[in-house]
Every structure is written in C-alpha cells, then in structure tokens.
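Heads up, the thing below is written out as structure tokens.
Nothing in this text is a laboratory measurement; each read-out follows from the coordinates by a stated rule. Model, not experiment: these values are computed from the prediction. Here Cβ is always computed from backbone atoms with ideal geometry, including for glycine, and neighbour counts include all displayed protein chains.
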Amino acid sequence: MPMLVPDRKEKIVELCTNKSVLHLGFIQHSHLYEKLIADKNWLHEKINIVSSNLVGIDYLGDDVDIIRAQYNYECYYGDVTKLNRLGLDKKFDVIICGELIEHVENAGLMLDGIKKFMYPNSILIITTPNPWSRSRTKLISDGVLEDEWLNKEHTCWYSFGTLKQLLARKGFSEFKYGYYN
C-alpha cells in the first residue's frame, strides 16, 4: 500500500536502493541544481547511484533538456497536475515528491496522476517544509523573520494532519511521519 515517509535525504536514498524510482520535481530549482551537482549534494544524483532505474519529471523544460543532454538522465518535461498527459507508461517501486506539494495549485490532481505510476505496494515519499517547526517559530519570535518564511512559489502549507487527510481522501494509506529541520 502507498505510504507517506517524509524524512532525511539519507533515508530517502536508502528507500530507493535497488528500486525503480520516479522523481517528481527532480531539478529542485533552476538556479540551484548546478551548484548541488558540483557539491555532490543533488538528491537526484544520489538516488541515481543506488536505484535500479530512475526517471525524473519537472516543469522546467529548458533545464530538463540540459540535464538530459549533459548527464544522460531519463527525464521528461511535464506538469505534475497533468501527469495523465505524459507519454510515460511505467510503474515504479518508489515515487518521490520532495519539497514540491507546497508549490502545486491543485495537489489533488497531482496525487490522482501519481497513482497511474504505482504498484499496489509502491512507496510514495512526500516531503514539505514545516512552517510550525521550533526553529522557524524561534526565528520569528527572535525577530529574525518578520513573518512566516515564504517562498514566492508556495501556494500553501501542510501539517502532517492536513497532508494525511488529503492523502486519505485520494485513496492513500499507511502513513508514516518523520521530520527534520
């Protein structure tokens, strides 16, 4: 059964070992991936080293083309809320949706689309920032942040409870919770 396992990068990589993996939003940010690659800290590359098969999907079309050409990754341009339009007809052991759901205008459409890539026992890993973490609220109370930390691309915040509720409505089960700052 699908499950939610937000956790550290190391745990995500461990869960991908010898598995077929679909990585949604794999570029992370257009302005960051080249530095992450140079620093050997790009999650997609770490997964590539341990997985049996890795496919990336991102809406940053130019960057997808560059990464496909320069690094020979199997990757596709696509909108995660329109996965049914993607010409990819594979199933995966692990699907990663890392630091992405808070950017999506309609997370329900994305979750519906993800299902077509899942076996009954596939693992769905979703990570999302915790706006109510101790470190974040301390920064606000200390005056370092005037208000909540906000990325201009974010559309919403999720707590474990609201994310679990959304996933349950979309037919996902066996939720696990983890966190990191």
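Each residue of the range 52-69 in order: what ³J(HN,Hα) in whole Hz does its phi give by Karplus 6.51 cos²θ - 1.76 cosθ + 1.60, θ = phi - 60°, with x for Gly and Pro?
My calculation for the range 52-69 gives 7, 7, 9, 10, x, 10, 8, 8, 8, x, 4, 5, 4, 4, 5, 5, 4, 6 Hz in order.
Determine, for Trp132, Trp42, the number of other Cβ atoms within 10 Å of each Cβ, and report the residues in order from fewest to most. Please list the in-between numbers first.
On the way: Trp132 10, Trp42 21.
Listed from fewest to most nearby Cβ atoms, that is Trp132, Trp42.
How long are the semi-axes of the ellipsoid equivalent to the range 9-169, from square roots of 5 times the Cα gyration tensor eigenvalues, in whole Å, largest first? It would help to have the intermediate numbers written out before the result.
Numbers: eigenvalues 138, 77, 49 Å².
Over the Cα atoms of the range 9-169, the ellipsoid semi-axes are 26, 20, 16 Å.
If you wrap a convex hull around the Cα atoms of the range 81-173, how much volume per residue is inside, in Å³? Intermediate values should be presented prior to the final figure.
Working: hull volume 9.6 nm³, N = 93.
So the per-residue hull volume is 103 Å³.
Excluding Cys75 itself, calculate the net charge of residues whose Cβ lies under 11 Å from the Cβ of Cys75, where each Lys or Arg counts +1 and each Asp or Glu counts -1.
Details: positive: Arg68; negative: Asp58, Asp63, Asp65, Glu74.
Net charge around Cys75: -3.
What's the local net charge at Ser173, with K and R +1, D and E -1, over the other residues with C-beta under 15 Å away? Provide the component values of the computation, followed by the final result.
Numbers: positive: Lys115, Lys164, Arg169, Lys170, Lys176; negative: Glu174.
Residues close to Ser173 contribute a combined charge of +4.
Enumerate the amide H contacts of Cys75 below 5 Å, restricted to partners 5 or more residues apart or on another chain; note that Pro and chain-start residues carry no placed amide H.
So Cys75 has HN proximity to Gly56.
Could you list Asp63, Asp58 in order of exposure, starting from the residue whose Cβ has the fewest other Cβ atoms within 10 Å? Can you show the working numbers first?
On the way: Asp63 20, Asp58 24.
By the 10 Å Cβ count, ascending, the order reads Asp63, Asp58.
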